[in-house]
Amino acid sequence: MAPTLAVSFNDSSDITDFVLNKGNGVKGLSDMGLESLPKQYIQPLEERMCGTKIMSHESIPIIDMSKWDDPKVAEAICEAAEKWGFFQIINHGVPIEVLENVKEATHQFFRLPAEEKRKYLKEFSPSNNVRFGTSFSPEAEKALEWKDYLSLFYVSKDEASAMWPAVCKDQVLEYMKRSEIVIRKLLDVLMKNLNVTEIDETKESLLMGSKRTNLNYYPICPNPELTVGVGRHSDVSTLTFLLQDDIGGLYVRGNNDSWIHVPPVSGSIVINVGDALQIMSNGRYKSIEHRVIANGNSNRISVPIFINPRPSDKISPFPEVLASGEKAVYKEVLYSDYVKHFFRKAHDGKKTIDLAKI
């Protein structure tokens, strides 16, 4: 029988050390079969999903991409980005095998012994671009989130081949390579709708100058109603390209303080607008708050690719958007400052974007 929490730890600092410093993550706690949630993970009442208004009859758009050239597809993409900020795409051209391989590679990484994963903790990682961690920003959070992750910032194929964990690097690189075609097409459609007729070198840098892929792991949780997998936030990306498994648990904010589940659809990819695109589109495209619930019955994984400006880029509304006399809602911000501001604090809904508001 698996030991219970009470048998294994003397106090909360032992748990923190086990999870954060020893490389066990929350998966280590979950694997022990603990019967109650450690107090560090108990979220304040207002951050829990219980009692929250769920709009079960609502759903984000699902767009069939098999006919890229059909104007109705472009129209659906732009409408979804303006109204919802989230949509799912099917028949997108990324082979199902590539998606299945990266999901399996995610499980393989998190199955590694703690001492192997520990090599990629911030203080030990061979590169700043490879980071194994848990929760979101533990040093800033009053309550921790029930999630472990491996974050892979892409610099070059050579750097990735040398520095990324062997158990998952090939599968992640293939997933990123295959997804880039789809991402470019999506951005092309979204830009044309903003009167940006050509994505030149400068625009390409602003839209997709850097990329980061996360392997997220949400282990079985003893009291899922008391905590969160990921707290309320919007992404700081241009676009996020998300592969989720078949477990479910991602919710996006709807109207009237309600939340809408994003159900897993076989072979689909979830696309969402990030804050950078909201700023560059002067608010036409919406970066929407979302969250992930904890699960008491199943382990869940997801693999988002964050498409971002380069850290050194300054972002502001595109001149083409303002050409008709529309007033700028956002000022120019250095993207690295924006990202630092996001990671400096706990997840707090849409507050990050206030930094760019005029």
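Spin-label model, VAL167 to ASN297: label points 7 Å out along the Cα-to-beta-carbon direction sit 2.7 nm apart. Considering only VAL189, VAL333, SER281, and ranking their Cα positions along the charge dipole of the chain that arises from unit charges at the beta-carbon of Lys, Arg, Asp and Glu, the one farthest toward the positive end is VAL333. Please tell me which of these pairs span more than 27 angstrom C-alpha to C-alpha: LYS27/LYS351; LYS147/LYS211; LYS122/LYS340? Correct reply: LYS27/LYS351. Its residue count N fixes a reference of 2.2 N^0.38 Å for the chain, and the Cα radius of gyration divided by that reference is 0.98. Its Cα centre serving as origin, the chain has a Cβ charge dipole (Lys and Arg +1, Asp and Glu -1) of approximately 460 debye.
Could you list log10 I(q)/I(0) for the range 211-276 at q = 0.12, 0.15, 0.21 Å⁻¹, which the Debye formula gives when each Cα is one point scatterer? With one equal scatterer per Cα and no solvent, log10 I(q)/I(0) is -0.37, -0.58, -1.16. The Rg/Rh ratio of the range 95-198, with Rg taken over Cα atoms and Rh as the Kirkwood radius over Cα pairs, comes to 1.06. Between GLU116 and GLU225, residue separation times 0.36 nm minus the direct Cα-Cα distance comes to 36.1 nm.
Between SER324 and ASP17, the modelled labels are 6.2 nm apart [label points 7 Å from Cα along Cα→Cβ]. Would you please give the FRET efficiency between ASN195 and LYS357, computed as 1/(1 + (r/R0)^6) with r the Cβ-Cβ distance and R0 = 30 Å, to the nearest 0.05? That gives a FRET efficiency of 0.85. For a paramagnetic label modelled on SER66 (point 7 Å from Cα along Cα→Cβ), amide N atoms under 12 Å away belong, within the range 87-109, to 90-93. Across the options LEU206, VAL303, LEU250, the greatest Cα extent toward the positive end of the charge dipole of the range 186-340 (unit charges at beta carbon of Lys, Arg, Asp, Glu) belongs to LEU250.
Each residue of the range 286-291 was assigned a 3J(HN,Hα) from its phi angle through the Karplus expression (A = 6.51, B = -1.76, C = 1.60, θ = phi - 60°), giving 9, 8, 9, 4, 8, 7 Hz with x at Gly and Pro. Size descriptors for the range 280-325 (Cα atoms only): Rg and Dmax, in that order, 17.3, 54 Å. Using C-alpha pairs below 8 Å separated by at least 6 residues, the relative contact order for the chain is 21 percent. Each stretch of four or more DSSP H residues adds -39500 (n - 2.57); spread over every residue of the chain, this sum gives -8500 deg cm²/dmol at 222 nm.
Against the longest alpha carbon principal axis of the chain, how many degrees, from 0 to 90 and to the nearest 10, is the axis of helix 96-111 turned? Long axis of 96-111 versus the principal axis of the chain: about 30 degrees.
Full extension of the chain segment joining SER36 with GLU204 gains 55.7 nm, where the gain is 0.36 nm per residue of separation less the Cα-Cα distance. When the Gaussian network model of the chain links Cα atoms closer than 10 Å, the mean-square fluctuations of ASP69, ASP31, ASP188 top out at ASP69. Take the alpha carbon atoms of the range 229-285, find their center, do the same for the range 176-209, and report the distance between the two centers in whole angstrom. When both Cα centres are located, 19 Å separates them.
A short reminder: the numbers here are calculations on the coordinates, not readings from a lab. Nothing here was measured: the structure is a model prediction, and the numbers come from that model. With ideal geometry, Cβ positions are generated from the backbone for all residues, glycine too; neighbour counts draw on all protein chains shown.
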